[in-house]
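The values are calculated or read from the model by the stated rules, or taken from the named source; none is laboratory data. Everything numeric in this text was worked out from a predicted model, so none of it was measured. FYI the Cβ positions are ideal-geometry reconstructions off the backbone, even for glycines, and counts take in every protein chain you see. Surface areas here come from the heavy atoms of the whole protein model, side chains and all, with no ligands, DNA or RNA. Shrake-Rupley method; radii C 1.70, N 1.55, O 1.52, S 1.80 Å.
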Amino acid sequence: DPASKQYAEWTRKSCAKDNIKYELYETKKENIINRIDKVNTDRTIHGIIIYYPVFNDERDNTLRNLIMPEKDVEGLCEKYSFNLYNNIRYTDEYKKHKCILPCTPLAVLKIIEYYNIYNTLLPIGSKLSKKTITIINRSKILGQPLARMLVNDGALVYSIDKESIYQISKNNTIKINLSTEKACLLSDVVILGVPCKEYKLPSSSIKSNTLVINVSSFENIDTNELKHIQGVDFVSRIGKLTILMLERNLLRLYENYNIRS
């Protein structure tokens with residue numbers, strides 16, 4: 001689709017600038033498993049990313065798990081997902097090799113860190129204590145892993161999709177009867193990830209001094225109205241930062257699995 005092609009072009013240009021060899025393979029759906037098997041066994045390739053959706057159903061999850069953990073720059077395979085949801089931060093018992101985290105959620109975390117939402121004086125796992133964050137998206141690519149990453153750092157998260165709202169903390173996950181507007185008004189950070197041109201979160205849902213991050217390729221809120229709310233910081237796009245996280249993960253994979261001490 002056009003968004004994937006644009007993302008691929010951004011990736012190609014960014015990798016070229018940083019002297020990373022990038023190749024775009026195009027294949028038919030019925031041949032994609034063979035293509036994955038081929039690049040998995042190619043020792044000259046150190047990272048693999050698939051532009052989703054391919055089948056737009058559960059088969060996409062199967063494709064994620066076909067990628068070797070040693071080459072999974074998106075961090076979406078079963079091994080990294082298990083570690084994420086169990087708050088395991090390293091791949092080895094000596095804690096020398098950090099796990100790979102999903103690129104887009106990781107980009108969101110870096111933005112939150114940049115805006116000083118993290119309390120750097122607190123220990124690892126507690127740096128977002130007493131912070132409340134709303135995510136309007138519960139996809140397996142963005143909303144679900146992002147919620148777990150934020151919770152692992154101590155945040156209280158409201159996870160929202162069109163059918164329900166869940167409150168997620170380190171101790172439990174519960175379905176709650178709360179409006180989207182109320183959840184956002186309780187939040188220090190609001191993350192918008194609705195892949196729909198028509199969706200707009202009412203600006204009345206944003207309180208003063210809130211960080212609003214628009215992850216969707218569409219603007220999910222009226223930016224002109226946001227300008228009239230005191231102290232609001234708005235990030236409109238994260239695509240290029242996501243590519244930087246992709247490169248970061250690639251370097252980490254290379255260090256973890258190709259450089260021997």
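Some points to look at:
- Per residue, the chain exposes 57 Å² of accessible surface when a 1.4 Å probe is rolled over the protein heavy atoms with every protein chain present.
- Modelled label reach - ARG89, point 7 Å along Cα→Cβ, segment 125-152 residues with backbone N closer than 16 Å: 125-129, 148-152
- Relative contact order (%) - criterion: Cα under 8 Å, at least six apart; region: segment 22-72: 43 percent
- Each Cα pair under 8 Å and six or more residues apart adds its separation to the average, and for segment 49-203 the resulting relative contact order is 16 percent.
- Considering the chain at the alpha-carbon level, its Rg and Dmax are found to be 18.8, 55 Å.
- Order by protection proxy (mean Cβ within 10 Å, highest first), peptides 228-239, 115-126: 228-239, 115-126
- Counted charge near LYS200, where neighbours are those whose Cβ lies closer than 15 Å (Asp, Glu -1; Lys, Arg +1): -3
- Principal-axis analysis of the Cα atoms of the chain puts helix 103-114 at an angle of about 50° to the longest axis.
- Sorting 171-178, 41-48 by their mean Cβ neighbour count within 10 Å, with the most densely packed peptide first, gives 41-48, 171-178.
- Beta bridges per DSSP, both residues in segment 113-261: antiparallel share near 30 percent.
- Each Lys and Arg Cβ is given +1 and each Asp and Glu Cβ -1; about its Cα centre, segment 4-124 then shows a dipole of about 320 debye.
- Förster-model FRET efficiency, 25 Å R0, THR41 and LYS110, C-beta, rounded to 0.05: 0.15
- The chain - share of DSSP beta bridges that are antiparallel (%, nearest 5): 30 percent
- When the solvent-accessible area of the chain is split by element, carbon and sulfur atoms take up 50 percent of it, the probe being 1.4 Å.
- Separation in nanometres of the label points that stand 7 Å from Cα toward Cβ, at ASN34 and SER164: 4.1 nm
- The peptide list 134-145, 52-63, put in order of mean Cβ contacts within 10 Å with the highest first, becomes 134-145, 52-63.
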